[in-house]
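The values are calculated or read from the model by the stated rules, or taken from the named source; none is laboratory data. Everything quoted here is computed from the prediction, not taken from an experiment. Virtual Cβ from ideal backbone geometry, glycine too; neighbours counted across all protein chains shown. When the accessible area is computed, the model is the full protein with side chains, heavy atoms only, and any ligands, DNA or RNA have been set aside. Shrake-Rupley method; radii C 1.70, N 1.55, O 1.52, S 1.80 Å.
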Amino acid sequence: MLLQPVINGTGVLLHTNLGRAPMAHTHTENFANLEFDLTTGGRGSRQRAVGELMAQACGAEAAIVVNNGAAAVLLVLGALAAGRGVAVSRGELVEIGGGFRIPDVMNQSGARLVEVGTTNRTRVADFANAIDGTGSGPAAENQDNDVALVLQVHQSNYEIVGFTEAPTTAELASLAPPLVADIGSGLLDAACPWLDGDPPGWLKDEPAARQTLEAGADLIIFSGDKLLGGPQAGIIAGDAEMVARCARHPLARAVRPGGLVLAALQNLALTYLDRRGTDIAFWRMASYTVDELRRRAEAIVATTNGVAPVELSATPGGGTLPGVEIPSFGLSIAGDHTNALRQQAPPIIARVVDNTTLIDLRTVDPADDAAVAEACGQLAGEQ
Ligand SMILES: *Cc1c(COP(=O)(O)O)cnc(C)c1O
């Protein structure tokens, strides 16, 4: 099967198997000033324009873009901490999926993991102890007391509940080594100024780029294709000197993105800066009211046999916001029709619960409602 557009009826907004955030990409055959400075006529940097815009969008001094979040973590550790210690809470030694494990990436980068605290409870005093080598515990593993960075990693795809404690970004920023925060999903600003209304309530516990920098993180890392709503990319933003050291490291060349991704991210950054949130497909999906979705479902049901409107719960997906449910609405069809729906053009990806096929309309572009109605009509005809 060729790579092709599909209709996402799963209700998972950032479906990893469906490419996370939905993306437009049209491009004519043309040269671009990718590494050419139009002012001087000399060599330019592919990072210049998009870096400045992304930095502006999240309130950072500087930013660069690499191929994905994993590459960004690897580059930051390699450039800023190779041969030295990096202090991480034992509660944040995460596996993101696809084999991306913080301790393994640390090894690959040449930095040395300094584990701090316990799985469920870690205090800022534990970090201070690990860094200056006083007392017992983690400092024993860090015999030369050489901690180049403190790394805070967003738990992203899991939660530790119960008897828990974790230092805040501001507390970690008060420690001597620079603080790098891998915030994961790229929510640019907790206030979502690009939306007309209030930020969706289900985002309330998600760390945001601007607020993490304001709380004192020296550098932040996030993905382009999670809550940012763009192409696969990793963004490193923050202190200009630290960003420049990352950009100079030999690994930067190995993980640099191509012109298509940079152009898409540049457009996305401009869209955010213009506060045109409804021009970003992810934020449209995130913002539909349940009433709007219900009306779309009822319109499809009115023209189609064998289909019923149904209240559903969508999820953010993409390894973000575990346990979060977003009230939604969609269609239900008795029996398992997922196979037939996948044979449609474009393929429709649905899910099955209790032998009932469910199509969540929150993740379906309204422009695709007609295709969904037609496919459902065919199923009814075959029954
Ligand atoms: C998703 C995620 C990554 C990996 O980012 P990719 O863009 O998928 O490579 C790294 N760290 C955290 C905290 C994440 O949530």
task = Mind giving me the nanometre distance, one decimal, between the label points for Leu2 and Ala299, set 7 Å out from Cα along Cα→Cβ?
result = 3.0 nm
task = State the Cα centre-to-centre distance between the stretch 300-318 and the stretch 237-283 in whole Å.
result = 35 Å
remark   = Expected vector for the stretch 205-217, Karplus 3J(HN,Hα) from phi with 6.51, -1.76, 1.60 and θ = phi - 60°, integer Hz, x for Gly and Pro, equals 9, 7, x, 10, 4, 4, 6, 5, 5, 4, 6, x, 4
query = Using +1 on the beta carbon of Lys and Arg, -1 on that of Asp and Glu, and nothing else charged, what's the dipole of the stretch 50-124 about the Cα centre, debye to 20?
reply = 340 debye
key: Value of Rg/Rh across the chain [Cα atoms, Kirkwood radius]   = 1.02
key: Only Lys, Arg (+1) and Asp, Glu (-1) charged, at Cβ; the chain dipole about Cα centre in debye   = 740 debye
query = For the chain, what is the relative contact order in percent, using Cα pairs closer than 8 Å and at least 6 residues apart in sequence?
reply = 23 percent
request  = Would you mind computing, in nm to one decimal, how far apart the modelled labels at Leu38 and Glu61 are, each placed 7 Å from Cα along Cα→Cβ?
outcome  = 2.9 nm
ask   = What is the spread of the Cα atoms of the stretch 209-315 along each of their three principal axes, largest first, in whole Å?
value = 61, 32, 25
query = Using the Kirkwood radius built from alpha carbon pairs, what does the Stokes-Einstein equation give as D for the stretch 42-154 at 10 °C and 1.306 mPa s, in µm² per second?
reply = 103 µm²/s
message = So if I average 1/r over every pair of distinct C-alpha atoms in the stretch 257-383 and take the inverse, what Kirkwood radius in Å does that give?
response = 16.1 Å
ask   = How many percent of Cα pairs in the stretch 268-318 exceed 19 Å?
value = 46 percent
key: Accessible area expressed per residue, the stretch 212-335, with surrounding protein chains retained (probe 1.4 Å, Å²)   = 41 Å²
note = Carbon and sulfur atoms account, in whole percent of the 1.4 Å probe accessible area of the stretch 40-171, for 47 percent
key: Leading residue at positive end of dipole, the chain (Cβ point charges), from Val6, Val105, Ala252   = Ala252
query = Distance from the Cα centre of the stretch 174-221 to that of the stretch 10-45, in angstrom?
reply = 24 Å
ask   = Going 7 Å from the Cα of Asn145 toward and past its Cβ, which residues in the stretch 100-128 have a backbone nitrogen under 14 Å from where you end up?
value = 128
query = Given labels modelled 7 Å from the Cα in the Cβ direction, how far is it in nm from Ala244 to Thr119?
reply = 4.4 nm
ask   = Roughly how many Å² is the accessible area per residue of the stretch 1-69, as a whole number, for a 1.4 Å probe?
value = 66 Å²
query = Antiparallel as a % of all DSSP beta bridges within the chain, to the nearest 5?
reply = 55 percent
query = Which residues' amide hydrogens lie under 5 Å from the amide hydrogen of Glu165, considering only partners 5 or more residues apart or on another chain, with H built in the peptide plane?
reply = Arg121, Thr122
message = Could you give the length gained by full extension between Leu195 and Arg101, i.e. 0.36 nm per residue of separation minus their alpha carbon distance, to one decimal place?
response = 30.4 nm
ask   = Which of Leu293, Ala72, Thr28 sits farthest toward the positive end of the charge dipole of the chain, with +1 on the Cβ of Lys and Arg and -1 on the Cβ of Asp and Glu?
value = Thr28
message = Can you give the log10 of the normalised intensity I(q)/I(0) at q = 0.16, 0.17, 0.25 Å⁻¹, computed with Debye over equal Cα scatterers of the stretch 1-84?
response = -1.01, -1.07, -1.21
note = Diffusion coefficient in µm²/s returned for the stretch 310-383 by Stokes-Einstein, Kirkwood Rh over C-alpha pairs, 37 °C and 0.692 mPa s, is 252 µm²/s
